[in-house]
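Working notes, structure below.
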Amino acid sequence: MTQPQPLLTPASDAGARVADGAFLIDVRSEGGRATAGTIPGATVTDRDDLDAIFGSASAPAVSLDTPVVVVCGSERGSGPVAEALAARGYTNVTHVEGGFPAWRDAGLPAEPGTGAAPSGPHEPVRQRA
């Protein structure tokens, strides 16, 4: 059986999915969020530590049929994360075409960045939308 491939979705469609209850994760770096802005209600996690939010592949902490929307600075960042989630068995994963800039430009919820690069170590913010 083949795994479902995550969909590359226009920002407006991704926003509608989130409005309908999809789990929104932002995998941009702290510096990227500080510079470009944030998405209120998004769960922020390191793209290399999906276990922090989703649990291990063998013991998922989030139901595999949960709709998930992944956003990064571009689809080159979100695509591998969406593919990793699909490989874990998630069946309803999309990622945003054009990344956060497209999300913001579509008029979807976004807050401006501080413009300041972070200083010092950072622990990812882990919250459920």
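In the chain, carbon and sulfur make up what percent of the accessible area (probe 1.4 Å)? Before the final figure, lay out the partial values.
Values: 3420 of 6560 Å².
Within the chain, the accessible surface is 52 percent carbon and sulfur.
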Original post:
Which whole-number value in Å² is the accessible area per residue of region 47-109, probe 1.4 Å?
Top reply: 44 Å²
Original post:
About its Cα centre, what dipole magnitude does the chain give when the only charges are +1 on Lys and Arg Cβ and -1 on Asp and Glu Cβ, stated in debye to the nearest 20?
Top reply: 60 debye
**OP:** Compare G79, G98, G31 in a GNM of the chain, Cα atoms joined below 10 Å, and give the one with the largest fluctuation.
**Re:** G31
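Can you give the helix-only mean residue ellipticity at 222 nm for the chain, where every DSSP H stretch with n ≥ 4 adds -39500 (n - 2.57) and the sum goes over all residues, rounded to the nearest 500 deg cm²/dmol? Mind showing how you got there, number by number?
On the way: 5 runs with 40 residues, N = 129.
Helix contribution divided over all residues of the chain: -8500 deg cm²/dmol.
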Original post:
Taking Cα atoms, how many degrees apart are the long axis of helix 75-87 and the longest axis of the chain, rounded to 10 and kept between 0 and 90?
Top reply: 30 degrees
Original post:
Among V96, V71, V18, whose mean-square fluctuation peaks in a Gaussian network model of the chain (Cα, cutoff 10 Å)?
Top reply: V18
Original post:
Heavy-atom accessible area of S58 with all protein chains present, probe 1.4 Å, nearest 10 Å²?
Top reply: 110 Å²
**OP:** Take every DSSP beta bridge with both residues inside the chain and express the antiparallel ones as a percent of the total, to the nearest 5.
**Re:** 20 percent
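The values are calculated or read from the model by the stated rules, or taken from the named source; none is laboratory data. The shown structure was predicted, so the numbers you read here are calculated from the model rather than taken from an experiment. Backbone-built Cβ (ideal geometry, glycine too); neighbour counts: all protein chains shown. Note: areas computed on protein heavy atoms with side chains; ligands, DNA, RNA excluded. Shrake-Rupley method; radii C 1.70, N 1.55, O 1.52, S 1.80 Å.
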